[in-house]
Amino acid sequence: MWRTIFRTLLATRQSQVIAPARRVLLQDVARYSNQRIAVPLRSKKPKSSKPTTQYFVDCRHVRTIGGKGGDGCVSFLRLWCNENAGPDGGDGGNGGHVVLQATQDVKDLNHITSLLRADDGEKGATKDCHGKNANHTVVKVPIGTIVRNPQGKVVGDLSSEGMMFVAARGGAGGKGNHFFKSDLEQAPQVAEFGATGEETAYTLELRSMAHIGFIGLPNAGKSTLLRAISRARPKVAAYPFTTLKPHLGMVQYDDYEQIAVADLPGLIEGSHKNKGLGIQFLKHAERCNALLFVIDASADEPWVHYHTLLHELSMFSEELVTRPRFIIANKVDLPEAERNVELLAHHVDVPVIPISAKMGTNIAEMLHEIRIIYETSRTAREASEATAKEQEEGPR
């Protein structure tokens, strides 16, 4: 008991000593906005202790196969009063289509398998009974899904609720021998096979994955930061490339607004040359509206890390450099970090926010700035959409 009390008093004393220095550091380095922004909410529900394997899937390669049509039937009607009553073979049913439908019910492509197959149509039967048409296989995808063919060309853009894209058409049902009856051929003994369905390959991509994306070198503390601000539980470990696939967390505010924040895999020097799966990781960054650079403030010359990340983004896509961004100097709880944060602010031209994701230092101010960037980017996007709509309509 006494040991616990002593630890509590010691922690309180250390916080009182460090707090003034941190306050001065924030005033000198962080360039916060004075806008009135909603207050972020902290979830009071405890997180699950079970291991998680959930991650965000923003790209999926699929193979779609339409259903096969049912075969036609060769049959002749025989009655008690007439043994040669003529052909009565029914037609086969049509195979089902594979259809992609945009909906708000799903947020990523994690539920989609690599093979999407539709049902086959039923065969025709005697007594002119046609086979049943197969039901279409409708796969729900998030709004904003882009469909590319194997050559990389965009063949579908599901940008609104309820839009559909037929990925593979089903085969038509075969005709029975009743269909081939004519004046010249009264007893045809031939029927058609059902046509096979289409088989094609596509690449499904999301136009937008998250509002905010964390960019940084391996072991910069991106996963720890996402754990601190949301209920997401990405894996955290002391070795690089712990995160290989993006994880998504939601930050809630008191005005019922939710901001999606993505923990992206770490980048290294030469990522634009596909070193360390760099191309795949950089594509995740393309689907974030704003980028926050998470820098390890305890490292030597942390501004070099920032310039390295900025160079990789510019070599991959010049448009990524123009997106809203600021720097999050993580691990300021370490003693060598405070001096590095001051030097970092002098070597860069973007705002720097010193935080400690592990200790929870300055997290509220960071969420305040995230909300400002979110509102700014949303306003700019709405203005650009309105301008584009006016240009499409043209002068009346």
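The values are calculated or read from the model by the stated rules, or taken from the named source; none is laboratory data. Owing to the predicted nature of the structure, the values given are computational and were not obtained by experimental measurement. So basically every Cβ, Gly included, is an ideal-geometry build from the backbone, and we count neighbours across all protein chains shown. Note: accessible area is taken over every heavy atom of the protein model, side chains too, but ligands, DNA and RNA are not part of it. Shrake-Rupley method; radii C 1.70, N 1.55, O 1.52, S 1.80 Å.
Take each of the peptides 195-201, 60-66, average the number of other beta-carbon atoms within 10 Å over its residues, and list them starting from the highest.
My ranking of the peptides, most packed first, is 60-66, 195-201.
Taking a virtual spin label 7 Å from the Cα of Thr126 along the C-beta vector, which residues in the stretch 158-188 bring their backbone nitrogen under 16 Å of it? Under cut-off, by backbone N: 177-178. The label-point distance for Arg207 and Ser159, in a model that sets each label 7 Å from Cα toward Cβ, rounds to 0.5 nm. Per residue, the chain exposes 56 Å² of accessible surface when a 1.4 Å probe is rolled over the protein heavy atoms with every protein chain present.
What is the Cα centroid distance between the stretch 246-296 and the stretch 298-320, reported in whole angstrom? Taking the Cα centre of each part, the stretch 246-296 and the stretch 298-320 sit 14 Å apart. For Leu206, the residues whose modelled amide H falls within less than 5 Å of its own, excluding neighbours fewer than 5 places apart on the same chain, are Ile146.
Rolling a 1.4 Å probe over the protein heavy atoms leaves Lys153 with an accessible area of roughly 140 Å². Under the convention that each Lys and Arg Cβ holds +1 and each Asp and Glu Cβ holds -1, the size of the dipole of the chain around its Cα centre is about 1820 debye. Think of the chain as a dipole: +1 on every Lys or Arg Cβ, -1 on every Asp or Glu Cβ, centred on the Cα centre; then among Ala167, His307, Pro46, Pro46 lies furthest on the positive end. Counting protein heavy atoms only, the chain has 52 percent of its accessible area on carbon and sulfur, 1.4 angstrom probe.
Across the stretch 295-302, coupling constants 3J(HN,Hα) worked out from phi with the 6.51/-1.76/1.60 Karplus curve, θ = phi - 60°, read 10, 6, 6, 7, 7, 6, 6, x Hz, and Gly and Pro carry x.
Near Gly95, within a Cβ-to-Cβ distance under 14 Å, what is the net charge of the other residues, with Lys and Arg +1 and Asp and Glu -1? The partial results should precede the final answer.
Details: positive: Lys68, Arg117, Lys123, Lys132, Arg169; negative: Asp71, Asp91, Asp119, Asp120, Glu122, Glu192, Glu198, Glu199.
Its environment carries a net charge of -3.
For the stretch 164-174, 3J(HN,Hα) computed residue by residue from phi via the Karplus equation (6.51, -1.76, 1.60; θ = phi - 60°) reads 10, 9, 7, 7, 8, 8, x, x, 6, x, x Hz, glycine and proline entered as x.
In the stretch 90-196, the DSSP beta bridges split such that about 60 percent are antiparallel, to the nearest 5.
Excluding Phe180 itself, calculate the net charge of residues whose Cβ lies under 13 Å from the Cβ of Phe180, where each Lys or Arg counts +1 and each Asp or Glu counts -1.
-3
Counting only DSSP beta bridges whose two residues both lie in the chain, roughly 55 percent are antiparallel.
For the peptides 103-114, 283-294, the ranking by packing is 283-294, 103-114, with the highest mean count of neighbouring Cβ atoms within 10 Å listed first. Taking the Cβ-Cβ separation of Glu257 and Gln280 as r and a Förster radius of 30 Å, what is the calculated FRET efficiency to the nearest 0.05? Here the calculated transfer efficiency is 0.45.
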